[in-house]
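One structure below.
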Amino acid sequence: MTEKILVALDVESRDRALALADTLRGSVGGFKIGSRLFTAEGPSMVRALTERGDRVFLDLKFHDIPNTVAQACAAATRLGVWMIDVHVAGGSAMLAAARDAVAKTAAEAGVPRPLLIGITLLTSLSAGDLAAIGVSDTTEEQVLRLARLAQASGLDGVVCSAQEAALLRQACGGGFKLVTPGIRPAGVAAHDQVRVMTPEAAVAAGADFLVIGRAITGAENPLAALDAINDAVGFQAGVRA
């Protein structure tokens, strides 16, 4: 098993999510629950996995006024999730409120503090998309700016494209977590992702965690697809990265 691979359970129902988790458990580092599954099934979906001992990355990308985000992060912490993400574009006050809420709630509840990760730019965005919303910098410049703000605000790391991982690893150091969606094994369609990279290239670039969804969950044999990815990046069964 490797801790690096997080499988995105972006599926339609609790039954489908649990079936995938049962199939893949022991071969992955955790499972991501995003807005599709959370909206359909609610907090009980998170509890169903955490009660089985799974690490859950709650990927709801909180972005609101500081108090609202702080309360949302506190609620997520009480659910026992392992990782939470917020949009860095919410600003330093929002990030600080989220950071403090996670730490305070974890201490009060007597649970491990979740990793707090900042969203930089969605991997579906291109340079043209940035220009359309009034950002004149390159994607690399904007991602670096947001990553530095996240680090200065006390977050544990950021979500970024693996294409920016090497840049951020150099700028932010080895302890700063880099979570990389947009991972596509060779020969797998990019779908709606723009800034993509293969699993082995992402690891070589310095990514800590690879978020992989459709390449595994949409495969005829999800476990075989996962095993092939593990083999491609040189992971050995039973060894945590």
For this session: Within the stretch 1-56, work out how many residues are acidic (D, E), closer than 21 Å to N230 by Cβ and touching a Lys or Arg at 6+ places or on another chain (Cβ under 8 Å).
Result: 3
Seminar exercise, completed: Of all helices (runs of 4 or more DSSP H) fully inside the stretch 9-93, the set with 2 or more residues that are touching a residue at least 40 places away in the same chain (Cβ under 8 Å) and within 27 Å of L223 (Cα to Cα) is 14-24
For this session: Filter the stretch 210-232 for residues that are under 16 Å from G182 (Cα atoms) and in a loop (DSSP other than H, G, I, E, B) and give the result.
Result: G213, G218
Problem set entry | Tally, over the stretch 152-171, of residues that are buried (at least 20 other Cβ atoms within 10 Å of the Cβ), free of Cβ contacts under 8 Å to residues at least 60 places away in the same chain and either over 15 Å from R195 (Cα atoms) or not acidic (D, E) (or both) | 8
Seminar exercise, completed: Given (1) closer than 25 Å to V143 by Cα; (2) in contact with a Ser or Thr (Cβ under 7 Å, 6 or more places away or on another chain), A89 misses just (2)
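No value in this document is a laboratory result; all are computed from the given coordinates. Bear in mind the structure is a predicted one, so any value in this text is a computation, not a measurement. Positions of Cβ are generated from backbone atoms using ideal geometry, with glycine treated the same way; all protein chains shown enter the neighbour counts.
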